[in-house]
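Presented below is the structure to which this report refers.
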Amino acid sequence: MTPDDVLKVLYDETMVGNAPAVLEHTNAGLELGMSPSTILFDALIPALEEVGARFERGDYFVPEMLIAGKAMSGALEVLRPLLAQTGAETVGTFLMGTVKGDVHDIGKNLVNIMLEGAGFHVIDIGVQVPPEKFIEAIQEHKPDIVGMSAFLTTTMPMFKVNINAIEKAGLRDDVIIMVGGAPVTQEYADVSGADGYAADAATAVRRAKELIAVRAGA
Amino acid sequence: MHTIVSSANQTLTIGSDQPFCIIGERINPTGRKAFQEQLRAGDLSAVEKDVADQVAGGAMMLDVNMGAPLVDEAALLAQSVRLIQSLTDIPLCIDSSVVEALEAGLAAYEGKALVNSVTAEDERMELILPLVKKYGAAVIALPNDDKEIPEDPQRRFELTQYLVDKATTKYGIPIEDIVIDPLAMPIGADSQMVVRTMETIELIAEKIGVNMTLGASNVSFGMPDRHTLNSVFLPMAMGAGLTSAIMDARTPRIVTAVKAADLMLGNDEWGMNWIAAHRAREAAS
């Protein structure tokens, strides 16, 4: 196989969520001397982006997005340490958590997979995350973006509580804040004081990249 | 076991020897952008149509949820309960995660309502069950605690047992007024989701025997051809012991699948409901 063949297989197999094949060809590519960032940026990430685009159009469904993400995650396990050695840049660090009072995590996990697929370094601090834990995690990991998920109308007010706490801790200007979850709307995100909102996982990735680009330009 | 709910003029019995209780899910702003905007403007006209469509479709109860962002949920819930009760005699399920809204809805309601919902968290029980008791309502209870929505059917069963024990002994709720939600999750997120829900339903039906309801449309979230999935899921869950669902009452295929399952499960004697529904369709066409 030539490196181009490997890239093509990786792209195709990621699109259909064939985790064993993606892992096998990631290893095969590395043995051929391909760089981990070539594998990531020329095959895996474009595949996941296409998955996201199809999902947004309604051509792909939730399970297809999940298995494509899982296939990608398997390859990332191999690539991550190598990428760290070569000092390849990530798109950004994304700190993610479901707010206090809320235990829902399916949507959050889906967004995590898509973000990782798009080249973000994702730190998931779980469900039921109180404001002080968001603050500690921001101090420890210095993320570019903090994502907060809420699935209930009763837990959505935690966005504002968290954002106020982050502001009080003097960290608000250090991070971009994105919110999401089934009952959340753009209007509610604005009222909460968040910088960004997305209605689904694919849009969340696109929005996250836009926000980072805007900040880099500013 | 029979759970009896009512409006001012109508009584409805939920039980494993009764036709499946179809609770219409539609009066809920989640995911309905235009409806959310109407609610923010205090416009309840969409509710009138939702009531008419669901009742015509075969709903035997209606779930009422006003949980839109940036609205006065308590005031809206009370207002819509009064409006709906002026339009239909079928009983209502008062749905909110905000305690003040539940209280306002219950205060406005005439009859014995079903409250949606409480969880196995001590804090939530302490807030909601005294209200249920005060208004003599029935209540939907979810077996999740403050840490997780358990995947394991055995764990869901244990939390159900805990809920039932607490609600009956500490809060004095009669066991027949507790309706357990065995938690239906999207099959698209994990192919074993529905198997786990079925096992939970079987465990609860066999060992506790309380009535059960769930949000049936969750199952097909994120998948194509949702109506087919919903109309297959419900009869399977009924076979396992589910006695009610908060569901799409406007799609004839789904409601008809439930009615067919009623007949198969022995809850439609001599198929009289099935035959009558057939005649009604013939007459209408």
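May I ask you to list the residues in the stretch B:214-266 that are among the aliphatic types (A, V, I, L, M), within 17 Å of the chain's Cα centre (by Cα) and within 14 Å of chain A (Cβ to nearest Cβ)? B:Val219 - this is the single residue of the stretch B:214-266 that is among the aliphatic types (A, V, I, L, M), within 17 Å of the chain's Cα centre (by Cα) and within 14 Å of chain A (Cβ to nearest Cβ).
In this structure, is A:Gly107 at pLDDT below 90 and either within 14 Å of another protein chain (Cβ to nearest Cβ) or not in a strand (DSSP E or B) (or both)?
Numbers: at pLDDT below 90: yes; either within 14 Å of another protein chain (Cβ to nearest Cβ) or not in a strand (DSSP E or B) (or both): yes.
Considered against the rule, which asks whether it is at pLDDT below 90 and either within 14 Å of another protein chain (Cβ to nearest Cβ) or not in a strand (DSSP E or B) (or both), A:Gly107 comes out as yes.
Residues that are closer than 23 Å to B:Ala216 by Cα, assigned to a strand (DSSP E or B) and within 14 Å of chain A (Cβ to nearest Cβ): does the stretch B:65-76 have at least one? Yes. Contact map, the stretch A:141-165: first residue more than 22 Å from A:Lys209 (Cα to Cα), second residue of a type in the set (Ser, Thr, Tyr), Cβ cut-off under 6 Å, separation 6 or more or different chains; pairs are A:Leu152/B:Ser97; A:Thr154/B:Ser97; A:Lys160/A:Ser192.
Comparison of A:Ala194, A:Ala202 shows that the only residue that is buried (at least 18 other Cβ atoms within 10 Å of the Cβ), among the aliphatic types (A, V, I, L, M), within 13 Å of chain B (Cβ to nearest Cβ) and under 19 Å from A:Ala216 (Cα atoms) is A:Ala194.
Screening B:Ala8 with (1) closer than 30 Å to B:Glu176 by Cβ; (2) within 14 Å of chain A (Cβ to nearest Cβ); (3) in contact with a Gly (Cβ under 8 Å, 6 or more places away or on another chain) gives one miss only, at (2). Remark: pairs (first residue in the stretch A:171-197, over 16 Å from A:Asp105 (Cα atoms) and in a helix (DSSP H, G or I); second residue at pLDDT below 90 and not basic (Lys, Arg); Cβ separation under 6 Å; 6+ apart in sequence or on different chains) = A:Tyr188/B:Pro69.
Let me confirm something: among A:Phe94, A:Phe61, A:Phe55, which residue is more than 22 Å from B:Pro150 (Cα to Cα), aromatic (Phe, Trp, Tyr) and over 17 Å from the mean Cα position of the chain (by Cα)?
Being more than 22 Å from B:Pro150 (Cα to Cα), aromatic (Phe, Trp, Tyr) and over 17 Å from the mean Cα position of the chain (by Cα) holds for just one of A:Phe94, A:Phe61, A:Phe55, which is A:Phe61.
Based on this model, can you work out whether A:Thr86 counts as touching a residue at least 40 places away in the same chain (Cβ under 8 Å), away from chain B (no Cβ under 14 Å) and surrounded by fewer than 17 Cβ atoms within 10 Å (Cβ to Cβ)? For A:Thr86, the condition - touching a residue at least 40 places away in the same chain (Cβ under 8 Å), away from chain B (no Cβ under 14 Å) and surrounded by fewer than 17 Cβ atoms within 10 Å (Cβ to Cβ) - is met.
Filter the stretch A:122-160 for residues that are within 14 Å of chain B (Cβ to nearest Cβ) and farther than 29 Å from B:Pro29 by Cβ and give the result. Across the stretch A:122-160, there are no qualifying residues. So which residues in the stretch A:74-109 are of a type in the set (Val, Ile, Thr), out of contact with any strand residue (DSSP E or B) (no Cβ under 8 Å at 6 or more places or on another chain) and closer than 22 Å to A:Ala137 by Cα, if there are any at all? Within the stretch A:74-109, A:Val103, A:Ile106 meet the criteria.
Going through (1) in contact with a Ser or Thr (Cβ under 9 Å, 6 or more places away or on another chain); (2) more than 30 Å from B:Lys134 (Cβ to Cβ) one by one, B:Val179 falls short only on (2).
Select from the stretch B:183-204 the residues that are at pLDDT 95 or above and in contact with a strand residue (DSSP E or B) (Cβ under 7 Å, 6 or more places away or on another chain) and write down the one among them that is nearest to B:Leu131 (Cα to Cα). Among them, the one singled out is B:Ile204. Could you figure out which of (1) surrounded by fewer than 23 Cβ atoms within 10 Å (Cβ to Cβ); (2) outside any helix (DSSP H, G or I); (3) out of contact with any Pro (no Cβ under 8 Å at 6 or more places or on another chain); (4) at pLDDT below 90 isn't true of A:Asp59? Unmet condition: (4).
Condition check ((1) loosely packed, with under 15 Cβ neighbours inside 10 Å; (2) under 19 Å from B:Thr213 (Cα atoms)) across all residues:
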| position | (1), (2) |
| --- | --- |
| B:Leu102 | no, yes |
| B:Gly111 | no, no |
| B:Glu126 | yes, no |
| B:Leu129 | no, yes |
| B:Tyr135 | no, no |
| B:Ala141 | no, yes |
| B:Gly172 | yes, no |
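Entry remark, the stretch A:181-191: residues being crowded, with 17+ Cβ neighbours inside 10 Å and either among the polar types (S, T, N, Q) or away from chain B (no Cβ under 13 Å) (or both) number 1 in total.
Only residues that are over 14 Å from A:Val22 (Cβ atoms) and either in a helix (DSSP H, G or I) or not aromatic (Phe, Trp, Tyr) (or both) were counted in the stretch A:67-94, giving 14.
The residue that is surrounded by the most Cβ atoms within 10 Å (Cβ to Cβ), among those in the stretch A:99-138 that are more than 16 Å from the chain's Cα centre (by Cα) and charged (D, E, K, R), is A:Asp102.
The values are calculated or read from the model by the stated rules, or taken from the named source; none is laboratory data. Note that this is a predicted model, so its numbers are computed, not measured. Using ideal geometry, Cβ is built from the backbone for each residue, glycine included, and neighbour counts are taken over all protein chains shown.
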